[in-house]
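Structure first, then comments.
The values are calculated or read from the model by the stated rules, or taken from the named source; none is laboratory data. In this text, all values refer to a predicted model and were calculated from it rather than measured experimentally. Every residue, glycine among them, receives a Cβ derived from its backbone with ideal geometry; neighbour counts consider all protein chains shown.
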Amino acid sequence: MNESAIEVKNVTKKFEEVTALDDISFKVKKNKIFGLVGPDGAGKTTMIRIMCGLLRADSGEVDFTDLDLGEGKKKSIIKNEIGYLSQKFSLYTDLTVDENIQFIADIHGVNDFEKRRDELLHFTRLKDFRHFQAGKLSGGMKQKLALACTLIYRPKIIFLDEPTTGVDPVSRREFWVILSGLLKENITILISTPYMDEAERFNYIVMMNNGKVISEGTPAKIKSSLKMAIMEVVCNPVRDAYKILKNIENADIQMFGDRLNIVFKGNPMELEEITLLLKNNNIEIDDIRMKLPSLENVFIELMETDND
């Protein structure tokens with residue numbers, strides 16, 4: 001029995017002289033949350049648009065192994081069995097929440113959709129806003145409405161292209177709770193995101209940079225793939241500390257706001273050594289400790305290696 005919902009095989013796409021996707025291959029398992037993770041320009045949106053049939057690849061193919069693609073059905077699979085949420089809100093801003101859902105249901109030929117609509121409004125916490133015009137909703141509510149509209153016709157696979165970009169932290173958390181709940185409906189979810197903290201929630205991720213796959217696996221597997229020791233230093237002034245620490249041999253310094261991560265390539269220095277070095281240079285230390293690598297640590301290391 002094939003466990004894959006989608007198989008991407010050697011997909012390449014160029015736009016004039018720019019290679020957006022360079023021989024990309026991966027498999028998406030059924031009923032899982034799968035993530036394409038990487039910075040702007042990595043090729044995530046191009047890959048999703050090819051998978052949805054909105055762009056044609058120059059070479060390679062995408063197989064939907066979990067869908068019935070019998071004769072005469074290929075043209076209808078995107079309409080009826082695949083859902084797609086683009087980066088840009090694309091529903092009608094002058095229609096209410098209820099009217100947008102009804103419109104999408106009508107397009108897909110869904111009859112007696114009212115019960116399903118009410119379930120989705122409760123599920124997405126939009127019930128109290130059903131008579132609001134879509135254009136007057138917050139960014140997070142718009143994304144939840146777009147998701148409800150997609151789910152009204154019960155697709156087997158949904159694609160979400162950076163769905164939480166520009167959404168406030170509280171709405172982001174709510175959105176992830178909703179997506180996790182969708183797995184109970186046996187839906188395969190493919191999401192692109194530039195946020196490494198979101199990628200920690202996925203069952204499986206493909207990390208992309210410059211149109212190439214630089215790593216893939218479960219978050220735990222990817223974090224354990226690079227043997228690294230990380231020391232986190234919260235200090236002030238952090239930029240001065242960065243200038244001092246960047247001269248350490250066999251270590252990379254990553255700066256995140258008011259803290260630095262020292263990524264040791266070999267044996268790590270002792271906490272006392274780093275503390276003494278910084279204090280001797282008039283750096284005030286609020287906290288210093290060893291920590292496990294995050295996906296962000298790993299991705300920065302992989303990206304720097306890929307760019308060399």
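Among the numbered criteria (1) at pLDDT 95 or above; (2) in the same structural domain as residue 143 (by TED's automatic domain parsing); (3) aliphatic (A, V, I, L, M), which one does residue 183 miss?
Here residue 183 clears every test but (1).
From the residues in segment 217-256 that are small (Gly, Ala, Ser) and either part of a strand (DSSP E or B) or in contact (Cβ under 8 Å) with a residue 12 or more places away in the chain (or both), which one is nearest to residue 204 (Cα to Cα)?
This residue is 217.
Answer with yes or no whether residue 191 is out of contact with any His (no Cβ under 9 Å at 6 or more places or on another chain), of a type in the set (A, V, I, L, M), without any contact (Cβ under 8 Å) to a residue 12 or more places away in the chain and part of a strand (DSSP E or B).
No, not satisfied.
Could we say that residue 269 is more than 30 Å from residue 34 (Cα to Cα) and surrounded by 14 or more Cβ atoms within 10 Å (Cβ to Cβ) here?
Against the criterion (more than 30 Å from residue 34 (Cα to Cα) and surrounded by 14 or more Cβ atoms within 10 Å (Cβ to Cβ)), residue 269 qualifies.
Being under 12 Å from residue 217 (Cα atoms) and without any contact (Cβ under 8 Å) to a residue 60 or more places away in the chain is the filter here; which residues of segment 14-40 pass it?
The one that is under 12 Å from residue 217 (Cα atoms) and without any contact (Cβ under 8 Å) to a residue 60 or more places away in the chain: 27.
Quick one: which strands (runs of 3 or more DSSP E) lie wholly within segment 29-91 and hold at least 1 residues that are at pLDDT below 85 and either touching an Asp or Glu at 6+ places or on another chain (Cβ under 7 Å) or of a type outside the set (Phe, Trp, Tyr) (or both)?
none
Could you list, ordered by first residue, the pairs with Cβ atoms under 6 Å in which the first is in segment 84-95 and assigned by TED's automatic domain parsing to the domain that holds residue 145 and the second is of a type in the set (D, E, K, R) and outside any loop (DSSP other than H, G, I, E, B), at least 6 apart or interchain?
Note: pairs meeting the criteria are 86/161; 87/161; 89/142.
Return yes or no: is residue 250 over 24 Å from the mean Cα position of the chain (by Cα), at pLDDT below 90 and over 15 Å from residue 296 (Cα atoms)?
yes
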